[in-house]
Amino acid sequence: MNHASIESFTLDSTEVMTLTELADCCGMSPAELDELVDYNALVPLTSLPERAFSAHWLTPMRVAAKLRMDFDLDLFTVAMLLEKLIQIELLERQVQALQALVPSHLRQS
């Protein structure tokens with residue numbers, strides 16, 4: 001996947017990004033991403049010989065990298081932040097799924 005396609009592709013958890021591509025897209029170095037992997041905050045795909053990641057990591061990594069720059073955070077703090085960003089994303093999806101079950105006449109505007 002080249003850089004131009006990374007900027008324009010639709011996020012799909014089946015898409016695979018290399019360590020270098022993810023680092024380029026989120027503005028962090030491959031060594032910093034390796035450290036996040038060491039903290040178990042960033043989980044690579046295990047079925048590939050080269051370290052690669054699901055594209056679902058792109059959005060939370062970009063948010064975490066921006067917050068890191070804005071607040072001058074160390075990588076350990078970014079690891080904790082990344083965990084919370086993932087939890088928030090999962091909770092938002094659960095809320096949307098539950099809202100979809102509510103009949104339209106009972107939904108609040």
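Of all the residues in the range 50-89, those that are over 18 Å from ASN40 (Cα atoms), out of contact with any helix residue (DSSP H, G or I) (no Cβ under 9 Å at 6 or more places or on another chain) and either part of a helix (DSSP H, G or I) or at pLDDT below 95 (or both) number 2. Of all residues in the range 46-101, those being within 17 Å of ALA31 (Cα to Cα) and either touching a strand residue (DSSP E or B) at 6+ places or on another chain (Cβ under 9 Å) or not β-branched (Val, Ile, Thr) (or both) number 18.
Within the range 13-38, restricting attention to residues that are in a loop (DSSP other than H, G, I, E, B) and surrounded by 15 or more Cβ atoms within 10 Å (Cβ to Cβ), the residue that is modelled with the highest pLDDT is MET28. Residues of the range 74-102 that are among the polar types (S, T, N, Q) and exposed (fewer than 12 other Cβ atoms within 10 Å of the Cβ): GLN87, GLN94, GLN96, GLN99. So which residues in the range 46-73 are surrounded by 16 or more Cβ atoms within 10 Å (Cβ to Cβ) and either of a type in the set (Ser, Thr, Tyr) or at positive phi (or both)? Scanning the range 46-73 gives a single hit, SER54. Contact map, the range 44-66: first residue free of Cβ contacts under 8 Å to residues at least 60 places away in the same chain, second residue loosely packed, with under 12 Cβ neighbours inside 10 Å and hydrophobic (A, V, I, L, M, F, W, C), Cβ cut-off under 7 Å, separation 6 or more or different chains; pairs are ALA55/LEU11; HIS56/LEU11; LEU58/LEU11; THR59/LEU11. If you check ASP34 against the conditions, is it touching a His at 6+ places or on another chain (Cβ under 7 Å) and not aliphatic (A, V, I, L, M)? No, not satisfied.
The values are calculated or read from the model by the stated rules, or taken from the named source; none is laboratory data. As the structure is a computational prediction, the values presented were derived from the model and not from experiment. Please note: Cβ atoms are built from the backbone with ideal geometry, for glycine as well, and neighbour counts cover all protein chains shown.
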